[in-house]
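Q: One structure, pasted below without further comment.
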Amino acid sequence: MRLTRMVEEKLGILSTQGKVIGSLYRSMGQEGTAVGSAFALEPEMGDVAAPILRDLGAVLTMGGTPTEVFQQYMAKNGPTRGRELNIHFGAPERNFIGPVSMLGEMIPLMCGIALGFKMRKQPGVALCYIGDGGSSTGPTHEGLNLAAVLDLPFILIIENNGYAYSTPTERQSRLTRFSDRALAYGIPGVTVDGNDVVAVWEATREAADRARRGEGPTLIESVTFRMKGHAQHDNQAYVPIEDIEEWGAKDPIVRHERLLLETGMASLGDIDAMVSDIHAALDVAVAEAEATPMPEGSTALLDVFENSVAERKPWLAPIS
Ligand SMILES: Cc1ncc(C[n+]2csc(CCOP(=O)(O)OP(=O)(O)O)c2C)c(N)n1
């Protein structure tokens, strides 16, 4: 969680320096949801996650590196070689899949992966994330219904962070608990404190165990708060300041550090040392990303569509 926060803080600096291409999407306040859930997966059993914009913590937990994240944000010759930005990248060999931008579309897609696990009798579980806003889209319903009727090893986490861009949650749904939607699909639904990383871990672990036992999907609503605007350009003037203060006091990192200190699992010195290590590692990662060249312009049209399309259509062919 601390690594996630610090990567985004570094990105804030890079953005101010004009080095970030496109916008910067923060997940501040939501690290407990992303990290707790991804940590509950068992990559060696084949489990796969599909992180979206507020889930940098899941990307890093699954083995995405800060260097890759910086390269993506700077459109360098990194994971997607400038074809995609921010955390729109995946590494199937490291068990995380890059997102399709159209909100909700990852749900049927991840159901396909879950169906593959089931048909091959493999123990893997597919975990998908969606925001409160994205949960209103058609594919969310279609996907979850499909997962339910086919008893797929699938988990959907609805990250209820109070806003979808500027639309507050009460304009998104008449329900006060998104987990109540599970009833309509005939599957279990739980609401969890998304700022309690251990609670998120436990709920996801339980859902993964169920899925592995062949008992089908679970819907988890993680209640949290988007502490920054939709992206760097959004000053979230529409969010009451009292709400930001209230949720700031429930910061998932501070809460977990308190737990570690109170239970004696870590000392202040341990935490300080960890933060120093992260600082040093991120300096290296930024330097690596800055030293990475921009992708070759002549290749810009390759790997966007299937490459033979570029070869067949002269106007799509690489520019020489
Ligand atoms: C189908 C679709 N509609 C609109 C968008 C543009 N869009 C991207 S993120 C976003 C807000 C999403 O809100 P929410 O799902 O609550 O997630 P949050 O940003 O709060 O994490 C919108 C409208 C999109 N990507 N896909």
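Q: Find the residue count for segment 9-27, including only residues that are closer than 14 Å to Pro51 by Cβ and assigned to a helix (DSSP H, G or I).
A: Going through segment 9-27, the residues closer than 14 Å to Pro51 by Cβ turn out to be 25, 27.
Narrowing the set further to residues that are assigned to a helix (DSSP H, G or I) leaves none.
Qualifying residue count for the region: 0.
Q: Would a scan of segment 136-152 turn up a residue that is in a loop (DSSP other than H, G, I, E, B) and either open to solvent by less than 20 Å² (accessible area, probe 1.4 Å) or at positive phi (or both)?
A: Within segment 136-152, one or more residues are in a loop (DSSP other than H, G, I, E, B) and either open to solvent by less than 20 Å² (accessible area, probe 1.4 Å) or at positive phi (or both).
Q: Out of segment 221-234, which residues are modelled with pLDDT of 95 or more and surrounded by fewer than 19 Cβ atoms within 10 Å (Cβ to Cβ)?
A: Within segment 221-234, His230, Ala231, Asp234 qualify.
Q: Since Thr80 meets every condition but one in (1) within 16 Å of Ala289 (Cα to Cα); (2) open to solvent by 20 Å² or more (accessible area, probe 1.4 Å); (3) in a helix (DSSP H, G or I), which condition does it not meet?
A: It fails just one condition, (3).
Q: Among the listed residues Arg26, Arg2, Arg54, identify the single one that is more than 16 Å from the ligand (Cβ to nearest atom) and at pLDDT 95 or above. Write out each step before concluding.
A: Values: Arg26 fails: more than 16 Å from the ligand (Cβ to nearest atom); Arg54 fails: more than 16 Å from the ligand (Cβ to nearest atom).
Criteria check complete, one pass: Arg2.
Q: Follow-up. Do we have Leu259 as modelled with pLDDT of 95 or more and more than 16 Å from the ligand (Cβ to nearest atom) here? Lay out the reasoning, then the answer.
A: On the way: modelled with pLDDT of 95 or more: yes; more than 16 Å from the ligand (Cβ to nearest atom): yes.
Yes, satisfied.
Q: Can you pull out the residues in segment 71-104 that are of a type in the set (D, E, K, R) and in contact with a Ser or Thr (Cβ under 8 Å, 6 or more places away or on another chain)? Give the steps one after another, and end with the answer.
A: Quick first cut of segment 71-104, residues of a type in the set (D, E, K, R) only: 76, 81, 83-84, 93-94.
Lys76, Arg81 - these are the residues of segment 71-104 that are of a type in the set (D, E, K, R) and in contact with a Ser or Thr (Cβ under 8 Å, 6 or more places away or on another chain).
Q: Is one or more of the residues making up segment 178-191 within 15 Å of the ligand (Cβ to nearest atom), open to solvent by 60 Å² or more (accessible area, probe 1.4 Å) and modelled with pLDDT of 95 or more?
A: So in segment 178-191, the residues within 15 Å of the ligand (Cβ to nearest atom) come out as 178, 181.
Of the ones still in play, those that are also open to solvent by 60 Å² or more (accessible area, probe 1.4 Å) are none.
No.
Q: Suppose we keep only residues that are assigned to a helix (DSSP H, G or I) and among the charged types (D, E, K, R) within segment 159-177. Which one would you say is most open to solvent (accessible area, probe 1.4 Å)? Before you say what the answer is, go through the steps one by one.
A: So in segment 159-177, the residues assigned to a helix (DSSP H, G or I) come out as 169-171.
Within this subset, residues satisfying the condition of being among the charged types (D, E, K, R) are 170-171.
Numbers: Glu170: 138, Arg171: 190 Å².
Of everything passing the filter in segment 159-177, Arg171 is most open to solvent (accessible area, probe 1.4 Å).
Q: If we keep just the residues of segment 57-77 that are more than 18 Å from Leu156 (Cβ to Cβ) and of a type in the set (Gly, Ala, Ser), which is surrounded by the most Cβ atoms within 10 Å (Cβ to Cβ)?
A: Among those that are more than 18 Å from Leu156 (Cβ to Cβ) and of a type in the set (Gly, Ala, Ser), it is Gly64.
Q: Which of the residues that make up segment 118-135 are more than 16 Å from the ligand (Cβ to nearest atom), part of a helix (DSSP H, G or I) and either open to solvent by less than 20 Å² (accessible area, probe 1.4 Å) or in contact with an Asp or Glu (Cβ under 8 Å, 6 or more places away or on another chain) (or both)?
A: Within segment 118-135, just Lys118 meets the criteria.
Q: Also, I was wondering about something else. So Arg212 clears everything in (1) open to solvent by 10 Å² or more (accessible area, probe 1.4 Å); (2) without any contact (Cβ under 8 Å) to a residue 40 or more places away in the chain except one condition, right? Which one?
A: All conditions pass for Arg212, except number (2).
Q: Moving to a separate point now. Just give me the residues in segment 144-173 being within 25 Å of Phe39 (Cα to Cα) and away from the ligand (no atom under 13 Å from the Cβ), in sequence order.
A: Hits for segment 144-173 are Leu144, Ala147, Ala148, Asp151, Leu152, Pro153, Phe154, Ile155.
Q: Need the failing condition index for Arg54 against (1) charged (D, E, K, R); (2) open to solvent by less than 20 Å² (accessible area, probe 1.4 Å); (3) under 12 Å from the mean Cα position of the chain (by Cα), just the number.
A: (2)
Q: Please work out which one of (1) open to solvent by less than 20 Å² (accessible area, probe 1.4 Å); (2) within 30 Å of Val20 (Cβ to Cβ); (3) outside any loop (DSSP other than H, G, I, E, B); (4) more than 16 Å from the ligand (Cβ to nearest atom) is the condition Ala114 fails and give its number.
A: Tallying (1) open to solvent by less than 20 Å² (accessible area, probe 1.4 Å); (2) within 30 Å of Val20 (Cβ to Cβ); (3) outside any loop (DSSP other than H, G, I, E, B); (4) more than 16 Å from the ligand (Cβ to nearest atom), Ala114 fails exactly one: (2).
Q: Quick one: what pairs do we get from segment 20-43, first residue open to solvent by 20 Å² or more (accessible area, probe 1.4 Å), second among the basic types (Lys, Arg) and assigned to a loop (DSSP other than H, G, I, E, B), C-beta under 6 Å, 6+ apart or different chains?
A: Short answer, once both residue conditions are applied: Arg26/Lys228; Met28/Lys228.
Q: Pick from segment 283-317 the residues that are of a type in the set (Val, Ile, Thr) and open to solvent by 60 Å² or more (accessible area, probe 1.4 Å): which of them is modelled with the lowest pLDDT? Show your work before the answer.
A: First pass over segment 283-317, keeping only residues of a type in the set (Val, Ile, Thr): 284, 286, 292, 299, 304, 309.
Cutting the leftovers down to open to solvent by 60 Å² or more (accessible area, probe 1.4 Å) gives us 284, 304.
On the way: Val284: 98, Val304: 79.
Among those residues, the one meeting the criterion is Val304.
Q: Looking at (1) surrounded by fewer than 22 Cβ atoms within 10 Å (Cβ to Cβ); (2) under 30 Å from Thr191 (Cβ atoms), which is the only condition Gly104 fails?
A: Among (1) surrounded by fewer than 22 Cβ atoms within 10 Å (Cβ to Cβ); (2) under 30 Å from Thr191 (Cβ atoms), Gly104 violates only (1).
The values are calculated or read from the model by the stated rules, or taken from the named source; none is laboratory data. Source: prediction; values computed, not measured. Counting neighbours? That spans all protein chains shown, and the Cβs are built from the backbone with ideal geometry, glycine included. Just so you know, the surface numbers come from the protein's heavy atoms only, side chains and all, with ligands and any DNA or RNA stripped out. Shrake-Rupley method; radii C 1.70, N 1.55, O 1.52, S 1.80 Å.
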